[in-house]
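These notes are about the structure you will find just below.
The values are calculated or read from the model by the stated rules, or taken from the named source; none is laboratory data. If you're wondering where the values come from, they're calculated on a predicted model, not measured in any experiment. For neighbour counting, all protein chains shown are included, and Cβ atoms are generated from backbone atoms with ideal geometry for every residue, glycine included.
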Amino acid sequence: MRLIEIFYSIQGEGPAMGRPATFVRLAGCNLRCQGCDTDDRPRQELSPVEVIRNIRSPMVVITGGEPTMQMEELSQLISLLHRQGSEIHIETNGTNPIAEDILEKIHCAVVSPKRGSDYNLDFWAEKKNVHIKFVLGKASWCWTPELLREMAPILERKRTWIMAYGTDQNMPEARDAWDLALSLGVNYSDRLHIRLKRK
Ligand code: SF4
């Protein structure tokens, strides 16, 4: 598998916010979101078995880049993690649906649809282990309050999240995301890893 890094940290956003996990960050992405803060160039190549040897916690977050770009190896990794009893989380932009038999091995998939892409909302929204996380912001791939108000009625509230865009440690847009989430009755996600990063 082409990897950017494997590291141990605390999940800073989404439904597992605050929980310790091993992060497996896979290289490559099929989208080019303006201002993307992920350097998705591969830095190492490991087999799924070798990745497993680097897991240091009960919870594993597979992220990217876009992890579904390596679907075959990703499916092998998920099956191996499932077999050893790991709690598996994945973060994806939703453009590549994951096969049902693999998806059911995942404890929680967080789909972050990018505006203007083909994010398969109908497929993901009906899966009970999937949370949808919208990034609120001014970039072309982010969501506006108007669009999210239109979309909210078709989404299950307890599995819908709104998070502010940005890598500024003060998170100046967080209050807008908080207010919108409150008015729509959906979840607010902070970005703790951004707020708490060392200077
Ligand atoms: S989908 Fe995510 S990783 Fe890919 S370009 Fe967009 S923000 Fe970056």
Only unsatisfied item for SER57, checking (1) within 14 Å of the ligand (Cβ to nearest atom); (2) outside any helix (DSSP H, G or I); (3) of a type in the set (Ser, Thr, Tyr), is (1)
Which numbered condition VAL61 misses (of (1) touching a residue at least 24 places away in the same chain (Cβ under 8 Å); (2) out of contact with any strand residue (DSSP E or B) (no Cβ under 6 Å at 6 or more places or on another chain)) = (2)
Kindly establish whether ILE78 is touching a helix residue (DSSP H, G or I) at 6+ places or on another chain (Cβ under 9 Å), on the phi < 0 side of the Ramachandran plot and exposed (fewer than 15 other Cβ atoms within 10 Å of the Cβ).
-> no
Checking PRO48, PRO42, PRO20, PRO97 in turn, the sole residue that is closer than 20 Å to HIS193 by Cβ and not polar (S, T, N, Q) turns out to be PRO20
Based on what the data block shows, is ALA174 away from the ligand (no atom under 16 Å from the Cβ), among the aliphatic types (A, V, I, L, M) and in contact (Cβ under 8 Å) with a residue 24 or more places away in the chain?
-> no
Given (1) surrounded by 15 or more Cβ atoms within 10 Å (Cβ to Cβ); (2) of a type in the set (Asp, Glu); (3) away from the ligand (no atom under 16 Å from the Cβ), where does ASP40 come up short, assuming only one miss?
-> (3)
Index of the failed condition, ILE52 passing every other in (1) surrounded by 17 or more Cβ atoms within 10 Å (Cβ to Cβ); (2) within 16 Å of the ligand (Cβ to nearest atom); (3) outside any loop (DSSP other than H, G, I, E, B) | (2)
Please specify each residue of segment 1-39 satisfying the condition of being over 13 Å from VAL61 (Cα atoms), in a strand (DSSP E or B) and β-branched (Val, Ile, Thr).
-> ILE4
Subset of segment 81-125 [within 30 Å of GLN34 (Cα to Cα), basic (Lys, Arg) and more than 16 Å from the ligand (Cβ to nearest atom)] | none
Search result, residues across segment 30-54 that are at pLDDT below 95 and closer than 23 Å to TYR165 by Cα = ARG32, CYS33, GLN34, GLY35, CYS36, ASP37, THR38, ASP39, ASP40, ARG41
